[in-house]
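The values are calculated or read from the model by the stated rules, or taken from the named source; none is laboratory data. As the structure is a prediction and not an experimental result, all values here were calculated from the model. Every residue, glycine as well, gets a Cβ built from its backbone with ideal geometry; the counts of neighbours run over all protein chains shown.
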């Protein structure tokens, strides 16, 4: 059994595989590490291209697109290792990127997951949206990062070059302890894609695991490789999955209040989309809420299952205010300013 398996979930990503896979293999493959590509029913020939060009890469094929969440669940279910490293096809790794992640997990046996510094591929001295220097959420479930608040990414001047505990690690690139993955149930397939890693990390916290960030590992992310950031479907997934996550994980005494306020905030966002002519975004928010109510029965069962995982309190890692109000009203558009005023 290999100690570590780097798992790349691919869906019609042949262009990115041609750009980055050889570097992942060259800088990762050794006696203790394997590289695996799990193909999510691609129709662009990418699975055959991997098979024909990388005999030392394990290839798993699915006959349809299972989504990010269930695709990884099915792939990891066929693998055995101490650590799994999940990495997007549109990630460029750097020399020595993998060893610090493994070392962090070895040195912190209570950690369920850890992420590297994730920088922008196009603006290489800036953080990238999906993860930056480690993720957090505010009290209403809005995610933000050290290095990225809402749509503003900071320049990397070394201001976050310290190992630290975070609330969530990015699905764009993260290492996960196999034991924690199994105990916490992996990703929730109901999410399909987006925010499933935040939901999993919340469960890890409940189970007593910690989630970390190490700046000693650095990767570059193009972003939007499978779904553009401005896609109406992505808007739908983010709004819907945020409600899913809150319902599943919030404490009983906060559930009604937080969801009520979140509904109001989502309604305000929908009205803003409508007034600015972004009709498709307005429809995405509306559809997200309809789907949330349709799934309430299933979510209720998932909420019960989450409580059985553990009861460790992670409130110290959740910002006890609204990042949206801090950003737009107070002008706190960097992580350090946000925390300074906390």
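Residue-level analysis places residue 252 outside the set of residues that are surrounded by fewer than 16 Cβ atoms within 10 Å (Cβ to Cβ) and under 18 Å from the mean Cα position of the chain (by Cα).
Which residue out of 146, 123 is buried (at least 16 other Cβ atoms within 10 Å of the Cβ) and either at pLDDT 95 or above or assigned by TED's automatic domain parsing to the domain that holds residue 206 (or both)?
Checking each option against the conditions leaves just 146.
Here is a yes/no grid of residues against (1) surrounded by fewer than 17 Cβ atoms within 10 Å (Cβ to Cβ); (2) assigned to a strand (DSSP E or B); (3) modelled with pLDDT under 95:
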{"residue": "186", "(1), (2), (3)": "no, no, no"}
{"residue": "198", "(1), (2), (3)": "no, no, no"}
{"residue": "204", "(1), (2), (3)": "no, no, no"}
{"residue": "212", "(1), (2), (3)": "no, yes, no"}
{"residue": "226", "(1), (2), (3)": "no, no, yes"}
{"residue": "230", "(1), (2), (3)": "yes, no, yes"}
{"residue": "233", "(1), (2), (3)": "yes, no, yes"}
{"residue": "247", "(1), (2), (3)": "no, no, no"}
{"residue": "271", "(1), (2), (3)": "yes, no, yes"}
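Residue count for segment 18-35 satisfying the condition of being under 23 Å from the mean Cα position of the chain (by Cα) and free of Cβ contacts under 8 Å to residues at least 12 places away in the same chain: 0. Screening residue 193 with (1) within 16 Å of residue 143 (Cα to Cα); (2) not in a loop (DSSP other than H, G, I, E, B) gives one miss only, at (2). Scanning segment 72-92 for residues that are surrounded by fewer than 19 Cβ atoms within 10 Å (Cβ to Cβ) and part of a strand (DSSP E or B) turns up just one, 92.
Within segment 214-224, the set of residues being modelled with pLDDT under 95 and touching a strand residue (DSSP E or B) at 6+ places or on another chain (Cβ under 6 Å) is empty.
For segment 284-337, residues that are part of a helix (DSSP H, G or I), farther than 24 Å from residue 240 by Cα and touching a strand residue (DSSP E or B) at 6+ places or on another chain (Cβ under 8 Å) total 1.
With respect to the conditions (1) more than 27 Å from residue 248 (Cβ to Cβ); (2) touching a strand residue (DSSP E or B) at 6+ places or on another chain (Cβ under 7 Å), residue 118 lacks only one, and its number is (1).
Looking across segment 51-63, the residues that are surrounded by 14 or more Cβ atoms within 10 Å (Cβ to Cβ) and over 25 Å from the mean Cα position of the chain (by Cα) come down to 51, 54.
Residues of segment 107-138 that are under 14 Å from residue 158 (Cα atoms), in a strand (DSSP E or B) and in contact (Cβ under 8 Å) with a residue 60 or more places away in the chain: 116, 117, 118, 119. For segment 149-184, which residues satisfy the criterion of being farther than 16 Å from residue 219 by Cβ, part of a loop (DSSP other than H, G, I, E, B) and at pLDDT 95 or above? Listed by number, the residues that qualify are 154, 157, 158, 159, 162, 163, 167. Out of 69, 47, 15, 38, which single residue is in a helix (DSSP H, G or I), surrounded by 18 or more Cβ atoms within 10 Å (Cβ to Cβ) and without any contact (Cβ under 8 Å) to a residue 40 or more places away in the chain? On inspection, the qualifying residue turns out to be 47. Just one of the numbered conditions (1) closer than 21 Å to residue 186 by Cβ; (2) crowded, with 16+ Cβ neighbours inside 10 Å; (3) out of contact with any helix residue (DSSP H, G or I) (no Cβ under 7 Å at 6 or more places or on another chain) is not true of residue 308: (2).
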